[in-house]
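> I am attaching a structure below and will ask some questions about it afterwards.
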Amino acid sequence: MSSIEDAIDQLETSASKLKQLSVEESRAIRDAVKEATREATSRVKAEFKEKKSLARKEASEAEKAIKDAQNRIQKALGSDKGTSTGGKRARRGERDAQFLAYVKENPGSKLADIARGIGVQSSAANGLAKKAVAAGTVKKSAEKTYTAV
């Protein structure tokens, strides 16, 4: 073989080795990225798990504080039932009268406000509103507010 042929063979061998090294380098980089991603993901998950736990604990403490405050307010107002919703049942017609009285005192009130004002669920207030409108004692506007007639 001539020196040119030897040089070409050497060049081809070198090119083949470079190509193989490039492939190996790409694989090594891909594997390193996967490992780094796994580690980072694991670290971030652990960090956020801790933060979520702390936030849940704070929310629970805040909820307890709110309940305590509600109980203190109810006690100060002289209510025996506290924050429970299972009070005594209203006498026949009592809620209708409460609904009408609230609307007279607060014309243009929305149904949710009336329900809160008289201490009933929105669904119960809806029934009271329908009866009052049908009886002609209350008028419902297009904006869904109520006014006494």
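> Please specify each residue of the range 1-28 satisfying the condition of being small (G, A, S) and surrounded by fewer than 10 Cβ atoms within 10 Å (Cβ to Cβ).
S2, S3
> Further question on the same structure: Out of the residues in the range 55-89 that are modelled with pLDDT under 85 and aliphatic (A, V, I, L, M), state the one that is farthest from T147 (Cα to Cα).
A76
> When you scan the range 42-49, do you find a residue that is at pLDDT 90 or above and in contact with a Lys or Arg (Cβ under 6 Å, 6 or more places away or on another chain), even just one?
no
The values are calculated or read from the model by the stated rules, or taken from the named source; none is laboratory data. The structure presented is a predicted model; accordingly, all values stated were derived computationally and were not measured. Virtual Cβ from ideal backbone geometry, glycine too; neighbours counted across all protein chains shown.
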